[in-house]
Each structure stands twice: as C-alpha cells, then as structure tokens.
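Trainee: What follows is a single structure, and I will ask about it in a moment.
The values are calculated or read from the model by the stated rules, or taken from the named source; none is laboratory data. Small disclaimer: the values here were computed from a predicted structure and weren't measured. Backbone-built Cβ (ideal geometry, glycine too); neighbour counts: all protein chains shown. Accessible surface is based on the protein model in full, side chains and every heavy atom, while ligands, DNA and RNA are left aside. Shrake-Rupley method; radii C 1.70, N 1.55, O 1.52, S 1.80 Å.
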Amino acid sequence: MKNRKPPSKNEVIRWLKDDQLSLPPLSFKLREVKPTYLSGQGWDFEIETRWDDQIVSFAVGYKPLFTPKAFYAALILCRIGMSKLPKNCYPLVMLPFLSASHLEELEASGISGVDWCGNGVVIVPNKFCVFRSGASNQFATSSPIKNIYRKNTSMVARVFLVLPKFNDLNAIEAEVNRRDVLAQFAGKTPVRMGTISKALKQLEEDLIIERGQNTRLLQADKLLDLLQQNYEPPKSQPIRLKVDCAFDQLPQLISAKVEMKAGPWVATGLSSVSRYASMQREEILSLYCPDARRIQSLLNGRETDRFPNVKLIETTDQPLYFDARPKDGFYWASPVQTWLELMHGDKRDRETADQVRSYILRHTRESQ
C-alpha cells in the first residue's frame, strides 16, 4: 500500500522480528536492539544476513525520514563507526526509502543500505554484493509542505540566492516580502512566518541551507537545479501590441506612463537577458502584469500579430515578479527568473542560461 506513514524504530523492530525485511536472494533476521561496540556509536540494530550458507552481521543506522539530511546522518554514522565494528560485522544504512542516487552513493562508499520498499545494496567484501533498485516509494513524503520549490513558497528558497546569509527568521521574512513586488504594489498576501519556518525546515532537510547561529546557504547549485525542476511557466495567452515608440525607448515610455503603485508590471526573464548575459533577441518587450488591458490603454497600444513590439502576459503568480530589479524606473526580471525562463527555452536559450547561472553563483559567493 502506497503513502503509508514511514515506520518508527519500534515498528521496524517488530517487522524485523517477523522477518519482513527481504532483498532476494538475501534474508535478514534481527539479532540485537541498540548494540554496543567499542566504537561507542549510536547504532540502532544488529541484523544477521544470510545467503545460502554464508552468514554475516550488520550494524544498522536507521532513520525514520528519507530526506537528504536523514540519509547523510545515517551515512556519516556508518563511515565514522565502521572501523570499530567487530570482525565480520559491517555498517548498513536503513531508511524507509532509498532512491537510486542514494544507492549509487552507498555503493561508491562501500557501505550497505536497504529500505522497506525493496531497494538495497548489500556489500560484503570478498563474499557477495547485491544491488536492487527501481522499486517505487511506498511511504508518504515527510516534507512539511508539498513542494517548497514551486509557487509562492519558492520565494523563500529564492531569497537565499539574493542574500545567502541571515541572522534570524525576522530578517528572512522582511527580505522575502520586501522583494515580493505584488505584495508591495498590488496588495497580495505576504508570505507568513509559519510558511517561512516550514520552508526553512525542508531546505535544511535537503541540505540546501544550514541553521545555527545564523541561517546560511550551503548549495546554491543544488537550489537552482531544484527550482528549475519545479518551475511552471505562466499559462495565460499573451496580448501582442504595437506601441508607437522606438524599441530602445520602450522601458522609458512604460515607466513614465504606467505607475507601479497603480498597477505593477515586470519585464519577463527573456526580455531581461541582456542585464545578465550577452544575447541578441527579437525587438519585442514582454511584461508580466495583473491587468493587461489597463496597461494597453495607458500605452495606447494597438493589438496586432503583425510586427508587435510589446507583449503583455496577464498573471498574478508572485514568484514571476519576485526580486525584480529597478533601473531608471523600469523593473527588470531577477537573474533567477531570467535563468529559469532560459532553461525552458530552445537550445540557444539554454546555452545563454549558463552565463546567467554563472552570474548568480558568482554573486552568492561574493555575498557570503
């Protein structure tokens, strides 16, 4: 049955006593709970593993979560404690679910691991090695929010690519909402402290940030990848306009004609590429805005598909506007939003995205 609650240590003890753990051709049996070895490490169980007439023991580090943080905590326990284990006893990571990447890392480390879904790698030097993957996760996610890298909660993640270190939660809340254009100018609901706390917990579990005396970014590369994997472009159909203005004068015209406080707008990422990378694009300026018809009226734009120079995309998705960068009164998309849009483009766009990614990573390094 899928979406079961991940088992506690007590449940795992019962399952092991009932011989429910299996990784053919291996069988497993519980030997001891909280075994003590010379290493003094906090092992959870000792189990016996059998393949025909070959029997070996494993000291188990079990975590009831299957987040990256939980996986690495169990892996570190095994790495530190393995040299102090008795002869013919080996370290083993046990989680409710182990992904293919987790199994590959375990195999590369020479450490065994099994889950409760049918995946595992069991390594006994000079005797046998069993590797099985591909079984789907049978347990409900342990994430406090369904997906923190999508929709409004993603703004909490994005803010660490602007400022990679914060002293406290209040500073994070203030910075997220200060850079939320629609909260500032359109009365949209700001991100609340409860949402921020839950997002930070997941970012910490995913080893994106570290929390101690302050909260700081650990893996900017991984954070960008997770944002890109979960990015959803707006679905609304654009309105194409011909505005009586030279293309290079359009930002000045728009900032003069359309007051942000009366109805915000932000250039799309694709229209903002030149701020962060070298790339020639067609002469059409695309804007996100909550009220396209209002901006069309203020610009006296004529709707047409023949040689338009302005494109309006009506949307109230707050992350699209997040961290917009004002320049002479005109609001350009953030580097992160620009990179995300390029990554969803054609081959030429994705090649240009590498320049923007380098720009973002360089900024985060310089800001730490």
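Trainee: P35 is checked against (1) touching a Leu at 6+ places or on another chain (Cβ under 9 Å); (2) assigned to a loop (DSSP other than H, G, I, E, B) and fails just one. What number does that condition carry?
Mentor: Failed condition: (1).
Trainee: When R240 is evaluated against the numbered criteria (1) free of Cβ contacts under 8 Å to residues at least 40 places away in the same chain; (2) closer than 24 Å to H344 by Cα, which criterion, by number, is the only one it fails?
Mentor: It is condition (1) that R240 fails.
Trainee: Given the criterion modelled with pLDDT under 95, assigned by the TED database to the domain that holds L92 and buried (at least 19 other Cβ atoms within 10 Å of the Cβ), identify the matching residue among W43, W51.
Mentor: On the way: W51 fails: buried (at least 19 other Cβ atoms within 10 Å of the Cβ).
So the residue among W43, W51 that is modelled with pLDDT under 95, assigned by the TED database to the domain that holds L92 and buried (at least 19 other Cβ atoms within 10 Å of the Cβ) is W43.
Trainee: Please note which strands (runs of 3 or more DSSP E) are completely contained in region 141-246 and include at least 3 residues that are closer than 30 Å to G263 by Cβ. Can you show your working first?
Mentor: Values: elements: 209-211, 215-217, 239-242.
By residue number, 239-242.
Trainee: Go through the residues of region 319-335 one by one and say whether even a single one is touching a strand residue (DSSP E or B) at 6+ places or on another chain (Cβ under 9 Å) and free of Cβ contacts under 8 Å to residues at least 12 places away in the same chain.
Mentor: yes
Trainee: Quick check, is L30 in contact with a helix residue (DSSP H, G or I) (Cβ under 9 Å, 6 or more places away or on another chain), free of Cβ contacts under 8 Å to residues at least 24 places away in the same chain and closer than 18 Å to V122 by Cβ? Don't jump to the end; show me each part of the working.
Mentor: Numbers: in contact with a helix residue (DSSP H, G or I) (Cβ under 9 Å, 6 or more places away or on another chain): yes; free of Cβ contacts under 8 Å to residues at least 24 places away in the same chain: yes; closer than 18 Å to V122 by Cβ: yes.
Answer is yes for this residue.
Trainee: Let me ask something else about it. Is it true that T316 is touching a Pro at 6+ places or on another chain (Cβ under 8 Å), touching a residue at least 24 places away in the same chain (Cβ under 8 Å), among the hydroxyl-bearing types (S, T, Y) and buried (at least 18 other Cβ atoms within 10 Å of the Cβ)?
Mentor: On the way: touching a Pro at 6+ places or on another chain (Cβ under 8 Å): yes; touching a residue at least 24 places away in the same chain (Cβ under 8 Å): yes; among the hydroxyl-bearing types (S, T, Y): yes; buried (at least 18 other Cβ atoms within 10 Å of the Cβ): no.
Taking the combined requirement at face value, the residue does not satisfy it.
Trainee: Oh, and also: What residue, among those in region 166-181 that are at pLDDT 95 or above and of a type in the set (A, V, I, L, M, F, W, C), is farthest from P290 (Cα to Cα)?
Mentor: By that ranking, first place goes to F166.
Trainee: In addition: Of all residues in region 43-74, which are farther than 17 Å from S112 by Cα and either of a type in the set (G, A, S) or touching an Asp or Glu at 6+ places or on another chain (Cβ under 8 Å) (or both)?
Mentor: L65, T67, K69 - these are the residues of region 43-74 that are farther than 17 Å from S112 by Cα and either of a type in the set (G, A, S) or touching an Asp or Glu at 6+ places or on another chain (Cβ under 8 Å) (or both).
Trainee: Right, something else. Go through (1) polar (S, T, N, Q); (2) in contact with a Ser or Thr (Cβ under 7 Å, 6 or more places away or on another chain); (3) touching a residue at least 40 places away in the same chain (Cβ under 8 Å) for Q54 and report which single condition fails.
Mentor: (2)
Trainee: Of the residues S297, S286, which single one is closer than 18 Å to R325 by Cα and either open to solvent by less than 90 Å² (accessible area, probe 1.4 Å) or outside any loop (DSSP other than H, G, I, E, B) (or both)?
Mentor: Among S297, S286, only S286 is closer than 18 Å to R325 by Cα and either open to solvent by less than 90 Å² (accessible area, probe 1.4 Å) or outside any loop (DSSP other than H, G, I, E, B) (or both).
Trainee: Okay, next question. Look at R306 and say whether it is open to solvent by 70 Å² or more (accessible area, probe 1.4 Å), in a loop (DSSP other than H, G, I, E, B) and in contact with a helix residue (DSSP H, G or I) (Cβ under 7 Å, 6 or more places away or on another chain).
Mentor: Spelling it out, it is not the case that R306 is open to solvent by 70 Å² or more (accessible area, probe 1.4 Å), in a loop (DSSP other than H, G, I, E, B) and in contact with a helix residue (DSSP H, G or I) (Cβ under 7 Å, 6 or more places away or on another chain).
Trainee: Restricting attention to region 243-255, which residues are touching a residue at least 12 places away in the same chain (Cβ under 8 Å) and either over 24 Å from D317 (Cα atoms) or open to solvent by less than 10 Å² (accessible area, probe 1.4 Å) (or both)?
Mentor: Filtering region 243-255 for residues touching a residue at least 12 places away in the same chain (Cβ under 8 Å) gives 243-245, 247, 250-255.
Those that are touching a residue at least 12 places away in the same chain (Cβ under 8 Å) and either over 24 Å from D317 (Cα atoms) or open to solvent by less than 10 Å² (accessible area, probe 1.4 Å) (or both): V243, D244, C245, F247, L250, Q252, L253, I254.
Trainee: Of all the residues that make up region 131-190, how many are small (G, A, S) and over 19 Å from the mean Cα position of the chain (by Cα)? Explain how you work it out, then say what you get.
Mentor: Initial filter on region 131-190 (small (G, A, S)): 133-136, 140, 142-143, 154, 157, 171, 174, 183, 186-187.
From what is left, the residues that are over 19 Å from the mean Cα position of the chain (by Cα) are 133-136, 171, 174, 183, 186-187.
Looking only at that region, the number is 9.
Trainee: Can you give me the number of residues within region 329-340 that are part of a loop (DSSP other than H, G, I, E, B) and either modelled with pLDDT of 95 or more or not assigned by the TED database to the domain that holds Q355 (or both)?
Mentor: 2
Trainee: With respect to D225, is the statement that it is open to solvent by less than 10 Å² (accessible area, probe 1.4 Å) and of a type outside the set (A, V, I, L, M) true?
Mentor: Values: open to solvent by less than 10 Å² (accessible area, probe 1.4 Å): no; of a type outside the set (A, V, I, L, M): yes.
Spelling it out, it is not the case that D225 is open to solvent by less than 10 Å² (accessible area, probe 1.4 Å) and of a type outside the set (A, V, I, L, M).
Trainee: Right, next: Out of L98, L16, report the one residue that is among the hydrophobic types (A, V, I, L, M, F, W, C), open to solvent by less than 10 Å² (accessible area, probe 1.4 Å), assigned to a loop (DSSP other than H, G, I, E, B) and at pLDDT 90 or above.
Mentor: L98
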